[in-house]
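Values in this text are rule-based calculations from the coordinates and carry no lab data. All figures in this text were calculated on a predicted structure; none of them were measured in a lab. Note that each Cβ is placed from the backbone with ideal geometry, even for glycine, and that neighbours are counted across all protein chains shown.
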Amino acid sequence: MERQINRRTFFSRTVLGGLGLLILKDGRAAFSYEANEKLNIALIGVGGRGTWFVSTIPKLGTNVVAMCDVNERKASGSFKEIPKAKKYHDFRKMLEEMDKQIDAVVIATPDHTHAVASATAIKMGKHVFCEKPLTHNLQEAR
């Protein structure tokens, strides 16, 4: 009997599987981690589309150590969902203050801010998972 899979299910399973591969610290295989070693993740853009990441990332066995969104009203529910994570309204301040505690960053901001947030995190040596598009033009990509 053939199992039917819809596009939404395929996408969510692919993202969950790919996310684990993309944010592995130093590109090491998952089996090289000790049982108690967890990645510390920062979430940027948790008020809109990023609410999905707020509910999903902790289920992957990671620590969400910081969350950031410029809109307090939209982000308030997400901020309450992970009370132990530090809350910020400026991703630059978050990355600066939490530099040593963050292994990887998940970016779910509006499209026009992806490049700036991603480039800042990458320059700081963080692994980045960013929704598409990463950039809007060639100049942003450089």
In range of the label at Val116: residues from region 53-82 whose backbone nitrogen is under 20 Å from the point 7 Å along Cα→Cβ: 67-75
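Would you work out if region 51-102 is rounded, prolate or oblate? Take a ≥ b ≥ c from the square roots of the eigenvalues of the alpha-carbon gyration tensor; rounded if a/c is under 1.5, else prolate when a/b is larger than b/c, oblate otherwise. Show your work: numbers first, answer last.
Values: a/c = 2.11, a/b = 1.08, b/c = 1.96.
It comes out oblate by the Cα gyration axes.
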Cα principal axis extents for region 76-134, largest first, Å: 29, 25, 16
